[in-house]
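Engineer: Okay, here's the structure, questions in a sec.
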Amino acid sequence: MFEFAWSWIFALAPLPWLLRALLPVADSGEPALKVSFLSDLEGLAKRRARTHLPTWRQQAPFIVLWSLLLLAAARPQWLGEPLPVAASGRDLLVAVDVSGSMDFPDMQWQDEDVSRLNLVQHLLGDFLESREGDRVGLILFGSKAYLQAPLTFDRRTVRVWLDEAKIGIAGKNTAIGDAIGLALKRLRQRPAQSRVLILVTDGANNGGEIDPLTAARLAAEEGVKIYPIGIGADPEQSATLGFLGVNPSLDLDEPALKEIAEATGGRYFRARDGQELQAIKDTLDQLEPVAQQPTQARPAQALYSWPLAAALLLSVLLVVRERWPDHPLQRFFSRRRFLQPLPHWRERLKRLRLRRRR
């Protein structure tokens, strides 16, 4: 189906004639003579100007040019048949702790010791990329929380940004409350049944400006469901010590994370190794998508380039006729009687009338 996206543009059609009628006549720049009968000459000039206004045939190229510009500005387009667009799924944000303790290599994956962040990047990256039909986003938090990727269907790009996350990029502390608050700000505009936050951390809240439990209560009021994941090996099972001789797993505040999950209707998970995190990923993958209102999209093919190209070509021809009367292009059109001034046709008509009389 053919239609104009901005059909109101055609209301500007009389604009050139309105400007001609309202604006004063341009100064020709010719020197004026001071004479006693100046008023009579002015009246004569006005009458002469009225009798020598361009006729409609002389105005025709400019009328066509203006019409083509209006046609292009109205954005003509051809609309195809409506196509269904998948509109089910969740709006899922993943908040990942990138504080210094996430670099602790106490996790096992494929019989190798890896850091906590590397394991999260591998398994949660697969999880994000597999969430077909969901809008996914990424928050990185340390001393502050930052939105690394807004909610989008481009899951591959979100996976890349997660893989590129570096330890300490957001500061050395852990601002869990700020991460929840930022996620709430981004999810509150989405349907209430589809707001999900996956919070991955290995420590306790020791930074930021918002208390995690306060942020969790606000999230519950907005219908945001939070799934906290506490990551890190058990202190009793891990013999590896941190930089100061302390196991960072002792910092994990599990009671607070469980309370956050209960307040929002989510569920707390504990990942002590790669297998447990894989099981958590499989559990989260079983979240049923929430059916939203079905939508349709109609493919649109823009056609404005055709009248715009025609207007450009006509403008070039008019400039050539005005500025370079001896140009080869002008002589080409002259042989074919194109873009000829009106007096030429008047002379021909006079000659034909004289021949008929004879």
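Engineer: What residue, of R159, R190, is of a type in the set (K, R), modelled with pLDDT of 90 or more and surrounded by 15 or more Cβ atoms within 10 Å (Cβ to Cβ)?
Structural biologist: On the way: R190 fails: modelled with pLDDT of 90 or more.
Exactly one of R159, R190 is of a type in the set (K, R), modelled with pLDDT of 90 or more and surrounded by 15 or more Cβ atoms within 10 Å (Cβ to Cβ), namely R159.
Engineer: Yes or no: the range 133-144 includes at least one residue that is among the polar types (S, T, N, Q) and not assigned by TED's automatic domain parsing to the domain that holds L284.
Structural biologist: Taking the range 133-144 and keeping what is among the polar types (S, T, N, Q), we get 143.
Now drop any that are not not assigned by TED's automatic domain parsing to the domain that holds L284, which leaves none.
Within the range 133-144, none of the residues are among the polar types (S, T, N, Q) and not assigned by TED's automatic domain parsing to the domain that holds L284.
Engineer: Something else about it: Within the bounds of the range 122-129, is there any residue that is aliphatic (A, V, I, L, M) and more than 31 Å from the chain's Cα centre (by Cα)? Working first, answer last.
Structural biologist: To start, the set of residues in the range 122-129 that are aliphatic (A, V, I, L, M) comprises 123-124, 128.
Now restrict to residues that are more than 31 Å from the chain's Cα centre (by Cα): none.
The answer is no; no qualifying residue exists.
Engineer: Scan the range 177-209 residue by residue and report those that are assigned to a loop (DSSP other than H, G, I, E, B) and in contact (Cβ under 8 Å) with a residue 60 or more places away in the chain. Don't jump to the end; show me each part of the working.
Structural biologist: Pass one, the range 177-209, residues assigned to a loop (DSSP other than H, G, I, E, B): 188-191, 202-209.
Correct list: R190, P191, D202, G203, G207, G208.
Engineer: For P248, indicate whether it is at pLDDT 85 or above, farther than 26 Å from S130 by Cα and in contact with a Gly (Cβ under 6 Å, 6 or more places away or on another chain).
Structural biologist: Details: at pLDDT 85 or above: no; farther than 26 Å from S130 by Cα: yes; in contact with a Gly (Cβ under 6 Å, 6 or more places away or on another chain): yes.
In short, no.
Engineer: Okay, moving on. So which pairs qualify, if the first residue must be in the range 83-102 and of a type in the set (K, R), the second must be modelled with pLDDT of 85 or more and surrounded by 19 or more Cβ atoms within 10 Å (Cβ to Cβ), the Cβ gap must be under 7 Å, and the two must be at least 6 apart or on different chains?
Structural biologist: Here the result reads R90/V196, each pair linking the range 83-102 to a residue that is modelled with pLDDT of 85 or more and surrounded by 19 or more Cβ atoms within 10 Å (Cβ to Cβ).
Engineer: Right, next: Which condition from (1) closer than 24 Å to A219 by Cβ; (2) buried (at least 22 other Cβ atoms within 10 Å of the Cβ); (3) aliphatic (A, V, I, L, M) is the one that L119 breaks?
Structural biologist: So the condition that L119 fails would be (1).
Engineer: I'd like the full set of residues that are in contact with a strand residue (DSSP E or B) (Cβ under 7 Å, 6 or more places away or on another chain) and under 14 Å from L68 (Cα atoms), limited to the range 4-24. Spell out the reasoning first.
Structural biologist: Here is the first cut: in the range 4-24, the ones in contact with a strand residue (DSSP E or B) (Cβ under 7 Å, 6 or more places away or on another chain) are 4-5.
Across the range 4-24, the qualifying residue is only F4.
Engineer: Can you say whether R116 is among the charged types (D, E, K, R), at negative phi and at pLDDT below 85, as far as the supplied structure shows?
Structural biologist: On the way: among the charged types (D, E, K, R): yes; at negative phi: yes; at pLDDT below 85: no.
Taking the combined requirement at face value, the residue does not satisfy it.
Engineer: Does G171 satisfy the condition of being in contact with a Pro (Cβ under 7 Å, 6 or more places away or on another chain), modelled with pLDDT under 90 and either in a helix (DSSP H, G or I) or in the same structural domain as A256 (by TED's automatic domain parsing) (or both)? Write out each step before concluding.
Structural biologist: Details: in contact with a Pro (Cβ under 7 Å, 6 or more places away or on another chain): no; modelled with pLDDT under 90: yes; either in a helix (DSSP H, G or I) or in the same structural domain as A256 (by TED's automatic domain parsing) (or both): yes.
So G171 does not fit the description; no.
Engineer: Please state which one of P61, P105, P31 is of a type outside the set (A, V, I, L, M, F, W, C), at pLDDT 70 or above and part of a loop (DSSP other than H, G, I, E, B). Outline the logic, then answer.
Structural biologist: Values: P61 fails: part of a loop (DSSP other than H, G, I, E, B); P31 fails: at pLDDT 70 or above.
Criteria check complete, one pass: P105.
Engineer: Given the options Y146, Y227, name the one that is in a strand (DSSP E or B) and either acidic (D, E) or closer than 23 Å to R267 by Cβ (or both).
Structural biologist: Numbers: Y146 fails: either acidic (D, E) or closer than 23 Å to R267 by Cβ (or both).
Going through Y146, Y227 in turn, the sole match is Y227.
Engineer: Let me confirm something: among L339, L287, which residue is modelled with pLDDT under 75 and at positive phi?
Structural biologist: Values: L287 fails: at positive phi.
Exactly one of L339, L287 is modelled with pLDDT under 75 and at positive phi, namely L339.
Engineer: Pick from I198, I260: which is at pLDDT 90 or above, touching a Phe, Trp or Tyr at 6+ places or on another chain (Cβ under 6 Å), closer than 22 Å to K144 by Cα and crowded, with 17+ Cβ neighbours inside 10 Å? Reasoning before the result, please.
Structural biologist: Working: I260 fails: touching a Phe, Trp or Tyr at 6+ places or on another chain (Cβ under 6 Å).
Selected residue: I198, the only one of I198, I260 that is at pLDDT 90 or above, touching a Phe, Trp or Tyr at 6+ places or on another chain (Cβ under 6 Å), closer than 22 Å to K144 by Cα and crowded, with 17+ Cβ neighbours inside 10 Å.
The values are calculated or read from the model by the stated rules, or taken from the named source; none is laboratory data. Note that the structure is predicted; figures quoted are calculated from it, not measured. Backbone-built Cβ (ideal geometry, glycine too); neighbour counts: all protein chains shown.
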